[in-house]
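Here the structure comes first, spelled out in structure tokens, and everything after it is commentary.
The values are calculated or read from the model by the stated rules, or taken from the named source; none is laboratory data. Computed from a prediction, not measured in an experiment: that's the story for all the values here. In this analysis, Cβ positions are derived from the backbone assuming ideal geometry, glycine residues included, and neighbour counts consider all displayed protein chains. These area figures cover heavy atoms from the full protein model, side chains too; ligands, DNA and RNA do not enter into them. Shrake-Rupley method; radii C 1.70, N 1.55, O 1.52, S 1.80 Å.
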Amino acid sequence: MLRFARLLVMLVSLQAIGDTALCTERPGDIVFWEKLGAQLPLDSPLIDEAGGAVSLLDVTTQTPTLLVLGYYRCQKLCSVLRREIFETLGKSNLVAGRDYNLVFLSVDPKETPADAREAKAETLTGFSAPGAQSGWRFLTAREHESAAIAQAVGFDYAYDGKSLAHPLGIAVLTTRGVVSTYLFGLGVDTEAIQRALQRAASNEISAAASPVMLLCFNFDAMSGRYSLDIVKMLRIVSGGFAFVGAAFILRALRRERLS
């Protein structure tokens, strides 16, 4: 029995080491390219949360803009990023519509103004910030228009059969609709947003700082590549629990043998 327990510990160790190695592989599938100084197509027709026709010119040229691409039904990291942005802006002294605009644009052509309206209503119920009612915009678009905007800011995405895979980040735009800088990944704080907006207000173009790293969240400063494999993360966690369990069994068997 003791020999069996030792074998179990060894097998668990090898599996966990293998899973950890998998976790550090270069992702290369989801990309957020830095296109600093790129001009966005301001005349692109979009649809606001009320179903009205708007354009990027209408929602981005009054003040510097935080542009977030993704989709509203995403309940994974996309929703985590949104909540983080809401909380951060709520804690700041920034006023939406005066100091910045916050524009969410769905790149999923299946989503409708009803999805955007529901997302905005839910957001305003859970989060509050000065000017959010009018300064936080939730938009949708036809596939061609959303793809053109995504391409302009370097936002890559693809369908994996069930959902839309995409990178995490914010494109910060000047009042001319030009990409000033990026805020990549999670962990964006109030100071980082304020600095980015100040640079955008002055029409400055600057490369993004390195993002806060997460487990299995790989970033390449040259390409802006990201990856978060939930399955691999769960394997590492389960491997850790297996380590503990196997060690416990081994210890119990040793005690039984000594007694």
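Below are the figures for this structure:
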{"read-out": "Length added when fully stretched, residue 142-residue 57, from 0.36 nm per residue minus Cα-Cα", "value": "28.9 nm"}
{"read-out": "Nitroxide proxy distance, nm - points 7 Å out along Cα→Cβ at residue 163 and residue 125", "value": "2.2 nm"}
{"read-out": "Solution diffusion estimate, µm²/s, Stokes-Einstein, the stretch 58-146, Kirkwood Rh from C-alpha pairs, 10 °C, viscosity 1.306 mPa s", "value": "120 µm²/s"}
{"read-out": "Carbon/sulfur fraction of accessible area - the stretch 83-182, other protein chains in place, 1.4 Å, %", "value": "48 percent"}
{"read-out": "Total lysine pairs whose alpha carbons fall under 20 Å of each other in the stretch 45-163 (8 or more apart, or interchain)", "value": "6"}
{"read-out": "Percentage, to the nearest whole number, of Cα pairs in the stretch 123-185 over 12 Å apart", "value": "79 percent"}
{"read-out": "Cβ-placed point charges (K, R +1; D, E -1), dipole of the stretch 68-117 about Cα centre in debye, nearest 20", "value": "100 debye"}
{"read-out": "Ordering of 33-42, 121-130, 144-153 by burial proxy (mean other Cβ atoms within 10 Å per residue, highest first)", "value": "144-153, 33-42, 121-130"}
{"read-out": "The stretch 109-148 and the stretch 32-70: distance between their alpha carbon centers, rounded to Å", "value": "12 Å"}
{"read-out": "Pairwise label distance in nanometres, residue 191 with residue 175, each label 7 Å out on the Cα-Cβ vector", "value": "2.8 nm"}
{"read-out": "Protection-proxy order for peptides 104-116, 189-201, each taking the mean of Cβ atoms within 10 Å per residue, highest first", "value": "104-116, 189-201"}
{"read-out": "Length gained when the stretch residue 114-residue 73 is fully extended (0.36 nm per residue, less Cα-Cα span)", "value": "13.6 nm"}
